[in-house]
Each structure stands twice: as structure tokens, then as C-alpha cells.
Amino acid sequence: MTRIHSIKRFLLPVFLTITANTWAQSYNWQNVKIGGGGFVTGLVFNPSQSNLLYARTDVGGAYRWDAATGKWIPLTDFMGQDEETYSGVLSIATDPGDVNRVYMAAGLYTASWAGNGAVFSSTDKGSTWTRHDLTIKLGGNEDGRNSGERLVVDPNSGNMLFLGSSKDGLWSSINYGSTWSKVNSFPVSTFSGAGVSFVLFDKSTGTAGNATQTIYVGIMQTGTNLYKSTNGGVTWTAVPGQPTTLMPLQGVLASDGNMYITYADNPGPNNITTGTVYKLNTPTNLWTQLPLPAGQGGFSGVSVDASNANTILVSTLDRWWPRDEIYRSTDGGNTWTALLTTATWDQSSAPYTSGYTAHWIGDVEIDPFDNTKAWFVTGYGVYRTNNITAVPVTWTFQNNGLEQLVALSLASPASGVPLLSAVGDHDGFRHIDLAISPVAGKYNPSYGTNGSIDVGQSNSDYVARTHYNSGVNFGAYSTNQGLSWTSFGSYPAGTNGPGSIALSANAATMLWSPNGAAAVYYSTNNGTTWTAATGISNGEAITGDKVNSNKFYGYNATTGVFHVSTNAGISFSNGATGLPTLQSWELWMAQASAVFGVEGDVWITSGYNGLYHSVNSGASFTKISGVDAAYKVAFGKAATGATYPAIYIQGRIAGTYGFYRSIDGGSTWARINDASHNYLGVRSFTADPKTFGRVYIGTSGRGIIYGDDPVALPVLFSSVSVTTRTAINTTYADIKWNTSYENNVAWFAVKKA
């Protein structure tokens with residue numbers, strides 16, 4: 001790779017003053033590369049521009065495909081902790097008449113405690129968005145999220161949109177999604193199940209600039225579940241002859257007037273046992289059940305070739321053995337060929353997927369501009385083929401830029417690899433090179449979701465992680481920094497989940513607060529046995545001192561009491577009292593974290609109550625002035641000339657949410673992100689003790705993000721190949737160079753030696 005930069009670019013001021021003691025700083029942000037990792041719930045092509053493809057996810061926002069670079073572009077990184085509820089994208093609508101317009105219907109849950117959903121509109125293909133709040137809730141991470149698009153733009157009149165809700169009937173907008181009204185004439189005003197499964201316009205029943213007259217709406221319920229309007233949504237009737245023992249999940253209208261609809265006995269993506277596919281001839285209302293091969297599960301995805309109405313793809317859902325399947329027909333559904341049974345697979349971009357089979361194929365799409373290309377989604381990412389007519393078909397795991405892991409816990413050892421992770425569904429990873437999906441794949445043995453990980457400060461080869469698998473005692477340890485693992489020999493009574501684990505500085509003692517157990521427990525024999533600690537309560541935020549291996553700490557954010565052990569976790573006594581307290585739903589904001597290299601130096605976060613610091617092993621704490629809120633805190637390598645580690649927080653300063661860094665012990669802070677780089681919710685947070693300026697963010701659905709201070713990344717041209725030095729004048733010069741190191745960063749700071 002060759003890059004050209006002007007020296008002038010790197011001589012711009014690095015800091016800009018925004019308050020008396022807070023600075024804004026340029027930072028490089030990118031993903032720790034893993035690839036996929038979560039449920040991509042749907043794909044949406046714009047039918048008017050080639051390669052304009054969007055992906056929606058259940059907890060990771062939305063993406064746009066960039067064919068030129070072969071990379072997915074994240075579109076929702078502007079959402080931060082307070083906007084996490086919108087990270088579940090229930091539906092995407094792209095405007096056939098204006099390719100720059102795109103919409104998202106977003107909201108995670110419909111429970112009483114969940115916030116209302118919203119529709120986001122964009123006039124630049126998702127580069128920027130405007131939020132339009134709804135008065136209803138949407139379930140982007142609930143059952144039925146694999147169904148069709150329920151937010152749709154009228155193909156003849158782009159100002160008109162319909163939104164099929166999760167619980168509250170059908171809604172419409174006549175002003176590009178700015179405001180919404182309930183369609184009171186729609187026969188079903190509330191849903192007890194998963195709600196609307198799809199909205200379809202018959203474009204042929206309208207003219208440019210005038211509302212399309214015929215509209216179909218499917219509902220995920222048995223009984224009457226397909227409705228039709230022939231007057232632009234003014235009135236509705238049930239489509240006659242429809243199947244009533246199953247529920248429709250997706251529908252597509254072919255150019256010859258036939259509609260293909262997939263059916264299942266449940267909304268999915270789980271608990272489906274049966275299903276089928278029907279063809280509806282819309283002019284005659286004639287229904288035909290198509291002869292798909294019998295098997296476990298139902299059907300979900302369906303797509304019709306835009307240039308040949310007789311070519312159809314459908315996908316199964318919940319066919320757990322041997323795998324979900326995609327079937328192709330070239331004769332209008334009379335005969336079908338299975339495409340995955342004999343397929344070849346290219347999973348080289350994400351080695352952890354080796355051996356994974358396709359599951360949760362909620363959607364499948366034929367490229368409307370190239371019918372040899374097709375895509376399908378899974379519970380862990382997206383696959384694509386460039387030749388669906390080949391025998392066998394080759395499917396490539398196509399997730400460059402699409403990172404959707406939920407990163408629950410992170411650790412950066414004092415020496416060795418940059419990062420160790422514990423993640424949802426896929427265990428976790430030993431990250432040797434942040435720019436490459438780990439070649440060794442995920443941890444082995446595999447236990448599923450891992451919730452906590454810690455590494456010894458002075459014994460960084462020793463790592464412990466905890467998970468949900470009772471069959472292997474909810475945890476494991478490694479003595480070679482995650483290369484291999486041994487399961488704990490036992491677990492405390494009542495344990496039903498990973499909770500939180502902390503190691504002593506020398507890793508001789510593990511302190512564990514498991515989900516469901518009655519106490520906090522310690523082990524000195526690699527988890528063979530566990531003994532209840534006294535003086536501390538289960539659920540406290542725990543950490544080990546990073547210097548003194550006999551010291552552990554616990555912050556009880558329910559009572560406001562700090563606990564200290566000086567006998568390696570056997571017993572705890574009260575330290576500071578009167579610390580901030582949090583409600584049960586706020587406890588995720590409470591963290592205790594000890595500073596490496598300084599005994600007795602510990603910090604706590606207390607959400608909206610701020611950030612607190614102790615230098616006497618928790619006997620007393622001082623509130624850090626100017627920090628309005630602190631949710632996470634981490635410590636990394638000190639700045640040049642500094643003696644105290646760099647401090648990083650996720651929080652609010654001067655009313656502004658973001659990620660902040662202090663290099664002077666918390667006296668002043670620099671915001672290191674901007675409004676475009678908030679990365680949804682944060683589940684874990686750590687910094688690198690080996691590389692100054694580097695911080696890692698474990699997100700709620702955007703994988704693992706890391707930030708680097710560009711000024712802290714020097715390039716010694718004596719050690720790389722400088723191919724060109726061209727003087728422009730006495731002040732500026734262009735320099736070209738080649739080095740593999742630049743693959744890991746976005747740009748370099750260059751200065752004259």
C-alpha cells in the first residue's frame with residue numbers, strides 16, 4: 001500500500017480548546033477486525049441504482065454496501081449510549097424514485113420499560129440522518145425481526161410511506177417520514193404477536209407523482225393475515241382464499257403479477273417447526289402451494305429475479321439439521337434445486353466461522369442488476385455468490401466492515417498480545433493483529449457466550465474467563481495467554497451465568513461473583529474449588545489491586561459502601577462509605593478499576609454521580625471535578641514525560657457525551673471522539689498498557705472499536721522503504737513510502753527529525 005501525504009497536514013494544531021479544562025483531540029477509530037458475529041436480519045436493494053444495498057441488524061444498526069471497496073459502511077455510529085434503543089433496525093426503506101433517500105424504522109423492544117421507536121430519514125444514502133420520534137414501540141430485537149420490510153416507500157409517490165408496527169397496527173406518512181398517523185381503517189389495530197411482517201406496493205397500479213393504489217400487508221398471526229387495499233390505503237379487505245393455519249413472514253411481487261409468500265408456524269428466528277411457500281396470482285386471487293422439499297422448520301426469505309419473473313429464491317428457517325437451505329426455481333416454483341447442500345464455502349476472511357453452518361437465513365436477495373449474484377443473511381453475518389448458476393455454487397462470507405459482535409468484557413495484558421476479548425455467542429478471541437480476524441479463530445474449547453475475562457497484571461500469561469455453560473462449570477483458565485484453556489473444576493452453588501471475575505496481580509487467586517450465586521467466591525487452585533468470601537455481596541463491582549496480590553476491592557453501588565480485602569479475597573472489610581448509590585437498572589454504570597503500577601490506587605464510576613478516585617486502597621475517595629457522568633474507566637500507557645497512566649472514561653463532561661482521556665491524573669480531559677463516532681452502547685472498556693493513546697471499546701452490537709492517538713504513532717523512515725521524496729518548495733514536500741505497519745492505522749503524523 002502506498003500513501004501520499006503533505007507534511008502540512010500533520011503540522012496542524014492537535015488540540016482545540018472547548019472549555020477551561022477540557023480539550024478536543026483528533027483520534028483514529030476503527031474496528032478490531034473479526035467479521036460479522038451477529039444476526040443480520042435483512043437486506044434491501046434499491047431497484048433503481050446498481051450496487052445500492054443496505055443491511056439491517058437486530059442490535060448493531062445499519063450498513064450500506066460499497067461495491068468499489070468491497071466493504072460495508074456503518075451508518076449508525078453516530079448513535080451513543082442514550083441512543084442504543086435505536087440500534088435494533090426493524091426495517092429499511094429505500095426510495096426507488098430518489099436513490100439518495102433511505103429510511104430506518106428503529107427500536108429494540110416493545111416491553112413497558114422500553115423507549116418508543118423512531119423513523120430515521122436520510123437524503124444522502126445514510127451518511128447523515130434526521131430522527132422522527134414515534135409514539136409507539138418497535139421490536140428490532142424481538143421475534144419476527146427476520147420478516148420482510150414493513151417500512152416501505154410508495155414507488156410512485158416518494159413522500160408517502162407506510163410502516164407496519166410490532167404491536168400497534170399500520171401507520172402512514174405523507175411528508176417523507178417527518179410525521180406519522182395511524183391508519184385507522186386497517187382492520188387490525190393492535191397485535192398480540194410480532195406484528196406486521198411486510199408491506200408491498202403494486203407499482204403498476206399508480207403513476208409517477210400519484211399514490212399507488214394497490215397495497216398488501218402481511219401480519220404474523222394465524223387466521224386472517226393478508227390484507228389488501230385498492231384505493232391507496234383508504235379501505236382494506238382480506239385477500240380471499242388465503243392460508244390461515246400458518247403466518248406469512250415475507251412476500252415479494254413479481255413483474256408478472258404473481259406474489260410469492262413464505263410461511264411458518266411462528267415468527268422466528270427460533271421455535272419454527274413447519275412452514276411452506278405459496279404463490280398468489282394477484283389478478284385472479286388463485287393460490288398455489290409450491291412443492292418445496294419437506295424438512296424441519298419453515299420458510300422466511302424470498303426473492304424474485306427482476307429480469308425473469310420465473311426465477312425465485314427461498315430460504316428455510318430453523319432447519320437445524322443438517323442446515324438451513326436455499327432453494328432456487330427457474331419455472332415459477334414448479335421445481336426446485338437446493339443450493340447449499342453441495343455448495344463450497346469461502347470463510348477465509350473470518351476463520352472463526354470455519355465449521356459454522358448457515359442458520360437463521362431470514363432473508364435472501366437476488367441482485368436486481370445482475371441475476372447471477374445473490375446474497376443471504378445468517379445469525380453471524382452475510383454470504384454472497386457471484387455465480388448462482390454455478391455447480392456447485394461458491395458462497396463467500398462477505399462481512400468486511402460489518403462488525404456486529406456484542407463485546408462483553410475486554411483485557412489488554414501488560415505484555416504479549418494487544419487484546420483478549422469475551423463476547424456474546426462466539427466465546428472470545430486472542431487478538432494478535434488488530435487488523436486481521438484471528439487466524440486461530442475463537443477460543444477453544446468453545447462455550448458460547450462469555451461474559452467476563454481478566455488477566456494477571458504481573459503474570460500476563462494467566463487468563464480467566466467465565467460463561468453460561470454449566471456443563472463445563474461456567475469458567476476456564478489459561479496459562480498461555482489464551483492459546484489453550486482448562487475448564488474450572490467446579491462452580492459455586494446457584495451459579496447460572498458468568499457474572500464478573502477478577503484476578504490478583506500475580507494471578508494466584510481468582511475472585512468470582514457469579515450470576516445466581518449467594519456470595520462472592522475465591523479460588524486458589526485454578527477453580528478446582530471455591531470458597532465464599534465474607535464481608536462482600538454478590539453483584540458488587542470487583543477488581544484486584546494491580547501491585548499487591550493480597551488486595552481485592554468491591555464497590556457496592558446499592559449501599560454506597562466500598563469493600564477491601566487484604567488477605568487475597570478471604571474476607572473483606574468496609575472502606576469508604578457514603579459513596580453514590582444506583583438503582584438496580586443503573587448498576588451497569590458501576591465499575592471499580594485499579595491502576596497498574598500504583599498500589600492502592602483505585603477508581604470507581606457511578607454513572608450520573610460522576611467519577612471517584614482513591615489513593616489509599618479505598619479508605620476514602622475524592623470526586624473528580626468536572627466529570628458530569630462516568631460509566632466506564634480504563635488505564636493505559638502513560639504519555640511521554642508523564643508518570644501516571646493515561647486515564648480514559650466513557651461519560652459526560654460539560655454536558656457532552658463521549659470518550660475522554662486525561663494524561664495528568666484527571667486534572668484535565670480531552671474528548672477523543674466526535675459526534676459521528678459514538679458506537680452505540682458500551683459493554684466493556686479497557687486501554688492498552690503497551691501503546692500510549694490506545695483505548696478499546698466493547699460495544700453493544702458494533703464489535704470491538706479501538707482508537708489511536710495519531711500523534712503517538714511514529715514512523716521511522718530509516719526502517720521503511722521511502723520511495724519518493726519530492727520537494728514542492730522550501731516549506732512543503734510530498735513523501736511516498738511503503739510499510740505494512742500503515743495497514744493498522746488510518747494516517748500518520750510526520751515531522752522533520
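The values are calculated or read from the model by the stated rules, or taken from the named source; none is laboratory data. Remember, it's a predicted structure, so these values are computed and weren't measured experimentally. Cβ: placed from backbone, ideal geometry, glycine included. Neighbour counts: every protein chain shown.
Some points to look at:
- The residues of the stretch 434-453 that are in contact with a Lys or Arg (Cβ under 8 Å, 6 or more places away or on another chain) and closer than 20 Å to THR699 by Cα, listed by number, are LEU434, ALA435, ILE436, SER437, PRO438, TYR443, ASN450, SER452, ILE453.
- Matching residues in the stretch 528-539 - criterion: being touching a residue at least 40 places away in the same chain (Cβ under 8 Å) and either at positive phi or in contact with a strand residue (DSSP E or B) (Cβ under 8 Å, 6 or more places away or on another chain) (or both): THR529, TRP530, ALA532, GLY539
- Residue, nearest to ASN525 (Cα to Cα), within the stretch 483-511, restricted to residues that are touching a strand residue (DSSP E or B) at 6+ places or on another chain (Cβ under 9 Å) and among the aliphatic types (A, V, I, L, M): MET510
Yes/no matrix, rows are residues, columns are (1) surrounded by 24 or more Cβ atoms within 10 Å (Cβ to Cβ); (2) of a type in the set (Ser, Thr, Tyr); (3) at pLDDT 95 or above:
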position	(1), (2), (3)
LEU75	yes, no, yes
PHE78	no, no, yes
THR85	no, yes, yes
LEU90	yes, no, yes
PRO96	no, no, yes
TYR103	yes, yes, yes
TYR109	no, yes, yes
SER112	no, yes, yes
GLY115	no, no, yes
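- Criterion violated by TRP29 - all others in (1) crowded, with 19+ Cβ neighbours inside 10 Å; (2) assigned to a strand (DSSP E or B); (3) in the same structural domain as SER173 (by TED's automatic domain parsing); (4) within 17 Å of the chain's Cα centre (by Cα) satisfied: (3)
- Filtered residues of the stretch 594-609 (kept if within 27 Å of the chain's Cα centre (by Cα) and either outside the structural domain of SER662 (by TED's automatic domain parsing) or not in a strand (DSSP E or B) (or both)): TYR608
- Boolean, VAL393 is in contact with a strand residue (DSSP E or B) (Cβ under 9 Å, 6 or more places away or on another chain) and within 13 Å of GLY703 (Cα to Cα): no
- Residue check, GLY698 over 21 Å from the mean Cα position of the chain (by Cα), surrounded by 24 or more Cβ atoms within 10 Å (Cβ to Cβ) and closer than 22 Å to SER415 by Cα: no
- Qualifying residue in the stretch 649-661 (condition: of a type in the set (Phe, Trp, Tyr), out of contact with any helix residue (DSSP H, G or I) (no Cβ under 9 Å at 6 or more places or on another chain), within 27 Å of ASP77 (Cα to Cα) and crowded, with 20+ Cβ neighbours inside 10 Å): yes
- Matching option when the condition is part of a loop (DSSP other than H, G, I, E, B), over 27 Å from ASP318 (Cβ atoms) and without any contact (Cβ under 8 Å) to a residue 40 or more places away in the chain, among ALA414, ALA390: ALA390
- Pairs with Cβ under 6 Å, 6+ apart, first in the stretch 345-363 and assigned to a helix (DSSP H, G or I), second not small (Gly, Ala, Ser): PRO351/VAL439; TYR352/LYS442; THR353/GLN347; THR353/PHE397
- Search result, residues across the stretch 528-542 that are within 9 Å of HIS563 (Cβ to Cβ) and surrounded by fewer than 23 Cβ atoms within 10 Å (Cβ to Cβ): GLY535, SER537
- Entry remark, the stretch 297-335: residues being part of a strand (DSSP E or B) and not hydroxyl-bearing (Ser, Thr, Tyr) number 15 in total.
- Within the stretch 459-493, the set of residues being assigned to a loop (DSSP other than H, G, I, E, B) and of a type in the set (Gly, Ala, Ser) comprises SER460, GLY482, SER484, GLY489, SER490, ALA493.
- Annotation: PHE659 fulfils all but one of (1) within 23 Å of LEU408 (Cβ to Cβ); (2) assigned to a loop (DSSP other than H, G, I, E, B); (3) of a type in the set (A, V, I, L, M, F, W, C); the unmet one is (2).
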